[in-house]
1. Could you please give the count of residues in the range 271-289 that are of a type in the set (Ser, Thr, Tyr) and touching a residue at least 40 places away in the same chain (Cβ under 8 Å)?
2. Going through the range 178-199 one residue at a time, which ones are open to solvent by 30 Å² or more (accessible area, probe 1.4 Å), away from the ligand (no atom under 16 Å from the Cβ) and not in a helix (DSSP H, G or I)?
3. Any residue that is at negative phi, at pLDDT below 95 and of a type in the set (Phe, Trp, Tyr) - is there at least one of those in the range 186-199?
4. Could you tell me whether any residue of the range 170-177 is in contact (Cβ under 8 Å) with a residue 60 or more places away in the chain, in the same structural domain as residue 223 (by TED's automatic domain parsing) and open to solvent by less than 30 Å² (accessible area, probe 1.4 Å)?
5. Just a yes or no: is a residue in the range 237-245 touching a residue at least 12 places away in the same chain (Cβ under 8 Å), within 11 Å of the ligand (Cβ to nearest atom) and exposed (fewer than 15 other Cβ atoms within 10 Å of the Cβ)?
6. For residue 292, only one of the following conditions fails: (1) within 12 Å of the ligand (Cβ to nearest atom); (2) within 24 Å of the chain's Cα centre (by Cα); (3) surrounded by 18 or more Cβ atoms within 10 Å (Cβ to Cβ); (4) free of Cβ contacts under 8 Å to residues at least 60 places away in the same chain. What is its number?
7. Being under 13 Å from residue 227 (Cβ atoms) and open to solvent by less than 50 Å² (accessible area, probe 1.4 Å) is true for just one of 304, 275, 270. Which residue is that?
8. Please specify each residue of the range 117-154 satisfying the condition of being of a type in the set (D, E, K, R) and either assigned to a helix (DSSP H, G or I) or within 16 Å of the ligand (Cβ to nearest atom) (or both).
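The values are calculated or read from the model by the stated rules, or taken from the named source; none is laboratory data. Bear in mind that the values here come from a model prediction, so they are computed numbers and not experimental data. Don't worry about glycine lacking a Cβ; one is built from the backbone with ideal geometry, like all the others, and counts go over all protein chains shown. Surface areas here come from the heavy atoms of the whole protein model, side chains and all, with no ligands, DNA or RNA. Shrake-Rupley method; radii C 1.70, N 1.55, O 1.52, S 1.80 Å.
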Amino acid sequence: MVEQLDSLALEFKEKIKNLKGEAEVLNLKSEFLGKKGKVSEILKGLRNCTPEERKVVGPKANKLKDDIGDLVSLKLQEFELVQINQKLEENKIDLNNRESFWFNKNKSGGIHPRSMIQREIEDVFLSMGFEVLDGPHIEDEFHNFEALNIPGDHPARDMQDTFWFNDPDSPEGKKHLLRTHTSTIQVRGMRERTPPFRFIAPGTVFRCERTDASHEMVFNQLEGMMVGENISVGNLIYFMKTLLKEIFKRDTEVRLRPGFFPFVEPGFELDIQCLICSGKGCSVCKKTGWVELLPCGIVHPNVLKSGGIDPEKYNGFAFGLGLDRLVMMRYGIDDIRHLNSGDLRFNTQFSAF
Ligand code: PHE
């Protein structure tokens with residue numbers, strides 16, 4: 001029996017050397033230590049031994065069991081290490097060698113789906129005579145609130161949870177914040193232009209909110225504004241419908257509800273039927289079947305005044321498209337958090353360089 005155990009030890013060491021994967025190692029382990037394994041069979045035979053024999057064979061068989069266990073763990077660790085090194089090697093980026101990451105198809109990312117949609121929308125509006133404007137992320141109370149008909153004590157300030165900067169010495173109206181909407185660019189755009197004019201302004205906005213499948217603290221809007229003489233709700237709806245048709249390449253189910261925003265009167269919420277669940281109700285549309293996509297309305301006279309425009313002579317419409325939501329609807333993405341994840345597995349699904 002002692003010899004049998006010695007030769008089993010040798011056999012095991014010999015066999016484990018050449019194994020190629022985790023499964024093979026586990027199979028070998030059970031060939032020796034499993035219920036009907038070679039070592040277990042010997043242990044069963046102990047019953048028929050004399051007490052003297054048992055004293056020798058018992059500990060030796062147990063030691064062999066332990067040794068086999070140790071060898072198995074070592075081998076598995078070895079495989080794991082090889083796997084980790086392989087992964088590291090695959091993801092290695094040599095910053096001195098652009099080709100190693102930029103032009104290699106397997107490793108390059110893609111144009112972010114949001115950028116793709118943004119470019120498409122910009123093209124649609126450029127073709128309709130709109131300019132594309134930009135504006136700062138760090139704003140002051142005047143551009144984010146006051147000029148948009150939201151004075152300091154207005155309850156609408158609570159509608160948008162704001163990230164304020166800690167600058168206690170700033171005078172009233174000048175306190176700094178991260179812009180909560182791209183409507184700030186309406187103010188800047190109006191002040192730099194004389195009517196008639198039309199522009200859109202895509203950009204990142206920030207709100208101190210809890211995140212969930214349809215809310216992010218950092219997200220993107222695309223603002224639009226058209227000012228001139230005799231602009232009507234009909235004009236607004238025409239432009240919105242054109243936009244949605246170009247983006248979804250088909251007629252989408254929409255509904256217009258009254259919506260309150262201090263900077264527009266009348267104000268509307270344009271919802272589209274949720275394209276993730278086809279209106280059945282899911283986590284993105286909060287089980288309602290509809291997604292708020294396009295708040296809009298006729299610009300409030302006070303806002304025109306803040307922009308240096310005579311409200312007696314001119315009027316206009318404005319909208320604030322939720323860009324990330326649009327991307328989600330278009331590509332069937334069920335969680336907004338994927339968009340900022342920076343995960344190549346996500347980005348590369350949409351386009352490649
Ligand atoms: N700025 C508004 C928001 O972020 C959206 C909006 C823009 C509403 C323009 C009406 C007109 O909530």
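1. Number satisfying all stated conditions: 1.
2. Restricting attention to the range 178-199, the residues satisfying the condition of being open to solvent by 30 Å² or more (accessible area, probe 1.4 Å) are 178, 188, 191-194, 196, 198.
Right, trim to away from the ligand (no atom under 16 Å from the Cβ) and you get 191-194, 196.
Across the range 178-199, the qualifying residues are 192, 193, 194, 196.
3. Of all residues in the range 186-199, those at negative phi come to 186-199.
Right, trim to at pLDDT below 95 and you get none.
No; the residues of the range 186-199 include none that is at negative phi, at pLDDT below 95 and of a type in the set (Phe, Trp, Tyr).
4. Applying the first criterion (in contact (Cβ under 8 Å) with a residue 60 or more places away in the chain) to the range 170-177 yields none.
The answer is no; no qualifying residue exists.
5. Looking through the range 237-245, none of the residues is touching a residue at least 12 places away in the same chain (Cβ under 8 Å), within 11 Å of the ligand (Cβ to nearest atom) and exposed (fewer than 15 other Cβ atoms within 10 Å of the Cβ).
6. (3)
7. Numbers: 275 fails: under 13 Å from residue 227 (Cβ atoms); 270 fails: under 13 Å from residue 227 (Cβ atoms).
Exactly one of 304, 275, 270 is under 13 Å from residue 227 (Cβ atoms) and open to solvent by less than 50 Å² (accessible area, probe 1.4 Å), namely 304.
8. Residues of the range 117-154 of a type in the set (D, E, K, R): 119-120, 122-123, 131, 134, 139-141, 146, 153.
Result: 119, 120, 122, 123, 139, 141, 146.
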